[in-house]
Amino acid sequence: MNSNPRLFSFVGGTKGEWKVVKSATVRGDSLLDRDRLDIVTGCQTLAADGAWVLHGVTSNDRYITRPEKEKPRQN
């Protein structure tokens, strides 16, 4: 059971709903280039085809406007 429903894992690899179209390093070492990004609820360990995993949480809804919240999500 996920103890924090706002926790997500972002897995860079060869499969996933999201296509990586651009990657840029801002500071420090760069991540390995990957074609796809999979966003998984909870704390995910690295899958066999994954290159890296980043963990993060969703921000609070009070930081967005009502039109932003009601806007349909685009992939």
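Restricting the search to the range 1-35, which residues are under 11 Å from the mean Cα position of the chain (by Cα) and under 13 Å from V53 (Cβ atoms)?
Listed by number, the residues that qualify are L7, F8, S9, F10, V11, G12, G16.
I'm checking my understanding of the structure. Among residues of the range 34-46 that are part of a loop (DSSP other than H, G, I, E, B) and modelled with pLDDT of 90 or more, which one is surrounded by the fewest Cβ atoms within 10 Å (Cβ to Cβ)?
Looking only at the range 34-46, we keep the residues that are part of a loop (DSSP other than H, G, I, E, B), and these are 34-35, 42-46.
Of the ones still in play, those that are also modelled with pLDDT of 90 or more are 34-35.
On the way: R34: 19, D35: 12.
Within the range 34-46, the match that is surrounded by the fewest Cβ atoms within 10 Å (Cβ to Cβ) is D35.
The values are calculated or read from the model by the stated rules, or taken from the named source; none is laboratory data. What you see is a predicted model; the values in this text were computed from it and never measured. Ideal geometry is used to build each Cβ from the backbone, glycine not excepted, and the neighbour counts take in all protein chains shown.
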